[in-house]
Amino acid sequence: MDYDDFEGVMGLEVHAHLLTNSKLFCGCSTKFGAEPNSHTCPTCMGLPGSLPVLNRRVVDFAIKLGLAVHCTINRKSIFARKNYYYPDLPKGYQISQYEEPICENGYLDIYLNDAKKRIRIKRIHMEEDAGKLVHEGSIETSSYSMVDYNRSSMPLLEIVSEPDIRTPEEATLYLKMLRDVLIYLDICDGNMEEGSFRCDANISVRKKGEDTLGTRIELKNLNSFKSIERSLDYEIKRQIDLVKKAKEVVQETRLFNVDTGTTYSMRGKEEAHDYRYFPEPDLLPLTVDDGWISDIQETLPELPMEKMERFIDTYGLPKYDVEILSSDKAIADYFEKTVELFPEPKTVSNWIMTELLRELKERGTTTIDALISHKHLAELLSIIKDGTISIKIGKDIFSELCETGASPKRLVAEKGLVQISDASAINSIVEAIVERFPKEVEEFRAGKEKLLGFFVGQVMKEMKGKANPKLLNELLLKRLKD
């Protein structure tokens, strides 16, 4: 079926767990992975007579994110009760914000096909998380479920975008940029596997060129970038198929089945009136003054998009490089510290993106300096540049440098890996190889110039990879063309 005449219209609702030590309305620990129901108290269990007390640190984080994404910080905001019942919501309602959230009308820019696209942010509000249901067996076959209230009243920021997203790719780029911002601000760890960063998507379709929005479907609890992209792609096509067949798109909440790559109905979609919002009677309106906002403004770091633009302007790096380098603040800082010692940005970038990121992935760690310090990487690149060792040897010993933490110069000396740049020593091996392969020499001279690589390999094999590559190529070409 042809889908080119249609487009998706998407808005995303992101829930970010905050890196506070205590919960939103009580002093219980927020540490992940504790024994079930060990981080609970009467307040987060919803017991009668318990009263919520607002965690000031959560407000700090909300203001910080709002400023980072260009929101208006409302001087007055109201907490509200959002009424619904699930077994993991012991009070029968969730304390959230509705009509008067703390942040409104911001935006986040993304790079799309080398151009910026602006995604508007409608609101950011604070709310408490619900507990967690643990099912015996699968959810379809479970005969009973248990409830872990450790997550109950965990502090969340909900970030709601306007319906400015048109493709699954745009959605993924927006979510990655938002996640990077949260991590840069040090207010959320962005761990999608643990549910620290999760997304609901509102999606409809319409013919291109139309302004009217179609019937909106909500996709719940998307917790990986791959799942987000796959589910949105499937849901767009599913709705287009219904529209083209003149069938009704039913407003509902759907879930994504990772195994089949399809979405399925969960329940009818609630509207705001279904939740019967009203102001939370146990919490006063929150008032934020200019001094509070300006104090937090001074703590804002350089953010990912700003860093990307500076890396392009200052270091002359291509967009592909800066997207990778700036996606992790630790990697970006490591890059800049290395460039201070070895001022060739593109070379440093290449080694970080290939050798270093490969080692990080293979070793399952994100602590860069624990593998190889920026000083040692700069030292390695320096001895490659001055001809002490070849690039190949540098790459060969990189894993060992990460394993041992040794100085590159010392390791090279201990292993006898210093590059041979003595023309007479290299030439003697070149002569021996040329004499050994007369047939290949004739083929090279007859026009099969790709055989140069064969001869280089043979000489390097004899010299254990220590011949100066540039000098070796010059000597080989001269000898083969004689």
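I'd like to know if segment 375-387 contains one or more residues that are part of a loop (DSSP other than H, G, I, E, B), without any contact (Cβ under 8 Å) to a residue 60 or more places away in the chain and over 25 Å from V181 (Cα atoms). First the steps, then the outcome.
Going residue by residue through segment 375-387, those that are part of a loop (DSSP other than H, G, I, E, B) are 386-387.
Still in the running and without any contact (Cβ under 8 Å) to a residue 60 or more places away in the chain: 386.
In the following step, the residues that additionally are over 25 Å from V181 (Cα atoms) were identified as 386.
There is at least one residue in segment 375-387 that is part of a loop (DSSP other than H, G, I, E, B), without any contact (Cβ under 8 Å) to a residue 60 or more places away in the chain and over 25 Å from V181 (Cα atoms).
Residue-by-condition table, conditions (1) modelled with pLDDT under 90; (2) farther than 30 Å from L19 by Cα; (3) in contact with a His (Cβ under 8 Å, 6 or more places away or on another chain):
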site	(1), (2), (3)
D211	yes, yes, no
L219	no, no, no
K226	no, no, no
R230	no, no, no
R238	no, yes, no
L242	no, yes, no
R254	no, no, no
R267	yes, yes, no
L284	no, no, no
Cβ-Cβ under 6 Å pairs, at least 6 apart or on other chains, segment 83-104 side farther than 27 Å from H70 by Cβ, far side of a type in the set (G, A, S):
Y85/G92; D88/A130; D88/G131; L89/A130; P90/G46; K91/G46
Do any residues in segment 257-269 that are closer than 11 Å to S231 by Cα have Cβ atoms under 7 Å from those of residues that are outside any strand (DSSP E or B), where the two are at least six apart or on different chains, and which pairs are they?
V258/S227; G261/R230; G261/Y234; T262/Y234; T263/S231; T263/Y234; T263/E235; T263/R238
Matching option when the condition is of a type in the set (F, W, Y) and in the same structural domain as F79 (by TED's automatic domain parsing), among Y320, Y315, Y264, Y334:
Y264
Confirm whether A370 is at pLDDT below 85, among the small types (G, A, S) and either under 24 Å from L325 (Cβ atoms) or surrounded by 16 or more Cβ atoms within 10 Å (Cβ to Cβ) (or both).
yes
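Among L284, L317, L300, which is within 29 Å of E99 (Cα to Cα), of a type outside the set (S, T, Y) and in contact with a helix residue (DSSP H, G or I) (Cβ under 8 Å, 6 or more places away or on another chain)? I'd like the intermediate steps shown before the answer.
Numbers: L284 fails: in contact with a helix residue (DSSP H, G or I) (Cβ under 8 Å, 6 or more places away or on another chain); L317 fails: within 29 Å of E99 (Cα to Cα).
Going through L284, L317, L300 in turn, just one is within 29 Å of E99 (Cα to Cα), of a type outside the set (S, T, Y) and in contact with a helix residue (DSSP H, G or I) (Cβ under 8 Å, 6 or more places away or on another chain): L300.
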Which of (1) modelled with pLDDT under 95; (2) over 25 Å from I384 (Cβ atoms) does I293 not meet, given it meets every other one?
(1)
Every pair of residues 6+ apart whose Cβ atoms lie under 7 Å, when the first sits in segment 344-358 and is touching a residue at least 24 places away in the same chain (Cβ under 8 Å) while the second is among the acidic types (D, E)
S349/D321; M353/D321
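Across segment 351-367, which residue is surrounded by the most Cβ atoms within 10 Å (Cβ to Cβ) among those that are outside any loop (DSSP other than H, G, I, E, B) and either more than 20 Å from the chain's Cα centre (by Cα) or among the hydroxyl-bearing types (S, T, Y) (or both)?
Initially, segment 351-367 is screened for residues outside any loop (DSSP other than H, G, I, E, B), giving 351-363.
When the remaining residues are screened for being either more than 20 Å from the chain's Cα centre (by Cα) or among the hydroxyl-bearing types (S, T, Y) (or both), the result is 351, 354.
Values: W351: 23, T354: 12.
Among those residues, the one meeting the criterion is W351.
Being part of a helix (DSSP H, G or I), without any contact (Cβ under 8 Å) to a residue 40 or more places away in the chain and not assigned by TED's automatic domain parsing to the domain that holds A330 is the requirement here; does E449 meet it? Outline the logic, then answer.
Numbers: part of a helix (DSSP H, G or I): no; without any contact (Cβ under 8 Å) to a residue 40 or more places away in the chain: yes; not assigned by TED's automatic domain parsing to the domain that holds A330: yes.
Against the criterion (part of a helix (DSSP H, G or I), without any contact (Cβ under 8 Å) to a residue 40 or more places away in the chain and not assigned by TED's automatic domain parsing to the domain that holds A330), E449 does not qualify.
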Would you check if there is a residue in segment 5-24 being without any contact (Cβ under 8 Å) to a residue 40 or more places away in the chain, assigned by TED's automatic domain parsing to the domain that holds D289 and within 18 Å of E128 (Cβ to Cβ)?
yes
Identify the residue in segment 396-421 that is β-branched (V, I, T) and not in a helix (DSSP H, G or I) and, among all such residues, is nearest to K375 (Cα to Cα).
V418
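How many of the residues in segment 437-470 are touching a helix residue (DSSP H, G or I) at 6+ places or on another chain (Cβ under 8 Å) and not acidic (D, E)?
To start, the set of residues in segment 437-470 that are touching a helix residue (DSSP H, G or I) at 6+ places or on another chain (Cβ under 8 Å) comprises 437, 440-441, 443-445, 451-452, 454-456, 458-460, 462-463, 465-469.
Now restrict to residues that are not acidic (D, E): 437, 441, 444-445, 451-452, 454-456, 458-460, 463, 465-469.
Going through segment 437-470 one residue at a time, the tally reaches 18.
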State yes or no: is I324 over 20 Å from the mean Cα position of the chain (by Cα), part of a helix (DSSP H, G or I) and among the hydrophobic types (A, V, I, L, M, F, W, C)?
no
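Suppose the filter is out of contact with any helix residue (DSSP H, G or I) (no Cβ under 6 Å at 6 or more places or on another chain) and either acidic (D, E) or in a helix (DSSP H, G or I) (or both); does A62 pass it?
Numbers: out of contact with any helix residue (DSSP H, G or I) (no Cβ under 6 Å at 6 or more places or on another chain): yes; either acidic (D, E) or in a helix (DSSP H, G or I) (or both): yes.
In short, yes.
The values are calculated or read from the model by the stated rules, or taken from the named source; none is laboratory data. Since the model is a prediction, treat every value here as computed from it, not as a measurement. Quick reminder, even Gly has a Cβ in these numbers, built from the backbone with ideal geometry, and neighbours come from all protein chains shown.
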